[in-house]
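The values are calculated or read from the model by the stated rules, or taken from the named source; none is laboratory data. Just so it is clear, the model here is predicted, and its values are computed rather than measured. Using ideal geometry, Cβ is built from the backbone for each residue, glycine included, and neighbour counts are taken over all protein chains shown.
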Amino acid sequence: MPLDAAIATAIPLPIMSLNGEGHITSANIEAQSELNLCEAALTGQHIGHLFAPESEINAIMQHMQQTRQPLSDHGLYLRASGEPCALHLGAMSDGYVVVMVPEANRQEHELHAKRQEMAEAVARIALEMAHEVKNPLAALSGAAQWLGEQDMLEEQQEAVRMMRDEVNRIRQRIDDFLQLGPRAAIGMDKVNIHEMIDDVCQSAEGITVQRVYDPSLPDVQAHPGRLRQAIENLWRNALEAGATHIEWQTRINPTIHLPDSKGAILEIRIANDGATIPKDLQQQIFEPYVTGKDRGSGLGLALVQRIMQEHKGQVSLQADSGRTTVVLHLPLGQS
């Protein structure tokens, strides 16, 4: 029973088909890669030879043979590597289809979901701040300006100047924070991502920039201004980390699935050799005001995440061995 091509390509996860006794009849490329075996080597093997514990596998097959109802089991692991995983089984006309979800994938999806919840909470706070803070702040700014126009002693003029500077500083911080707030549906246009990256990454002294572009990439549907903000923030972060080598990569990643998109996924990577983000901050680095730098607002990566969410995309971080990589995934066309 060959694996249906539509099923094999619709879900970018390891998928196998089994006959009625639980022997593999076909496997997609993701399954072959995850199990480190070609399809010929997998064909004919019983599912129990690849996954454990044996008691769980036996219970799964008994359930499917008796009820033919869908079943998910999150308590399994690969026999070869011991890597935990989940299996999701469904019945087909003459056997079963199995979708495997490695534990690392599940944890990553859960992390993105938590970040989405955090970003929505921040957006609500930003919206409330726009109503509750900006109007009184505007009144203070007007009052300070009026005072500055009055005749007064030098010491009083200095006090008014300090007041105006502090009001402007607070207003700038609030404006930065409001960038994380909810927006009306943003207008999309075709964007050449390579031209945008090249335009942002102007030459900097002592910095080597390497570009590994996929020249076949079509334009991406995006909001030019907001996407440029994300690219600029990533470039600025790399410079502020003291990087001497920065590498940009672009490609289509067929193994990535975004919840709100069914089309091709563009992957953009920026890697640098600057100071890495401390390990204890890496899980929270996309939250507002979390930063691994001595100076900085802590809003740069939070804004990148917000922009990716506006584009139905995701952002993730890899930081180890003296190298920091930020990965953007976004749909080529907005569905």
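Annotation: residue 289 fulfils all but one of (1) modelled with pLDDT of 80 or more; (2) surrounded by fewer than 20 Cβ atoms within 10 Å (Cβ to Cβ); (3) touching a Gly at 6+ places or on another chain (Cβ under 6 Å); (4) not basic (Lys, Arg); the unmet one is (1).
When residue 297 is tested against (1) under 26 Å from residue 203 (Cβ atoms); (2) part of a loop (DSSP other than H, G, I, E, B); (3) modelled with pLDDT of 85 or more, just one condition goes unmet, and that condition is (3).
Can you tell me which residue in the stretch 201-224 is surrounded by the most Cβ atoms within 10 Å (Cβ to Cβ), limited to those that are hydroxyl-bearing (Ser, Thr, Tyr) and farther than 25 Å from residue 313 by Cα? Quick ask: steps written out before the conclusion?
Initial filter on the stretch 201-224 (hydroxyl-bearing (Ser, Thr, Tyr)): 203, 208, 213, 216.
Those left that are additionally farther than 25 Å from residue 313 by Cα: 203, 208.
On the way: 203: 6, 208: 11.
Taking the candidates together, the pick is 208.
Kindly indicate whether residue 117 is out of contact with any helix residue (DSSP H, G or I) (no Cβ under 8 Å at 6 or more places or on another chain), at pLDDT 80 or above and not in a loop (DSSP other than H, G, I, E, B). No; evaluated as a whole, the condition is false for this residue. Being modelled with pLDDT of 90 or more, part of a helix (DSSP H, G or I) and surrounded by 15 or more Cβ atoms within 10 Å (Cβ to Cβ) is a description that does not apply to residue 24.
If you go through the stretch 198-229 and keep only what is assigned to a loop (DSSP other than H, G, I, E, B), out of contact with any His (no Cβ under 6 Å at 6 or more places or on another chain) and not acidic (Asp, Glu), you end up with 201, 202, 203, 204, 206, 207, 215, 216, 217, 218, 223. Of all the listed residues (131, 63), the sole one being outside any strand (DSSP E or B) and either assigned by TED's automatic domain parsing to the domain that holds residue 310 or modelled with pLDDT under 70 (or both) is 131. Of all residues in the stretch 139-155, those that are without any contact (Cβ under 8 Å) to a residue 40 or more places away in the chain have Cβ atoms under 8 Å from Cβ atoms of residues that are not hydrophobic (A, V, I, L, M, F, W, C), 6 or more apart or on another chain, in 141/164; 141/168; 141/171; 144/164; 145/164; 148/157; 148/161; 148/164.
Selection of the stretch 319-335 for residues being modelled with pLDDT under 85 and surrounded by 14 or more Cβ atoms within 10 Å (Cβ to Cβ) yields 319, 333, 334. For the stretch 210-247, filtering for residues that are out of contact with any strand residue (DSSP E or B) (no Cβ under 9 Å at 6 or more places or on another chain) and of a type in the set (Lys, Arg) leaves 2. Listed by first and then second residue, the pairs with beta-carbon distance under 9 Å, at least 6 apart or on different chains, first residue in the stretch 244-255 and in the same structural domain as residue 196 (by TED's automatic domain parsing) and more than 16 Å from residue 206 (Cβ to Cβ), second modelled with pLDDT of 90 or more and among the basic types (Lys, Arg), are 248/211; 248/269; 249/211; 249/269; 250/211; 250/269; 251/269.
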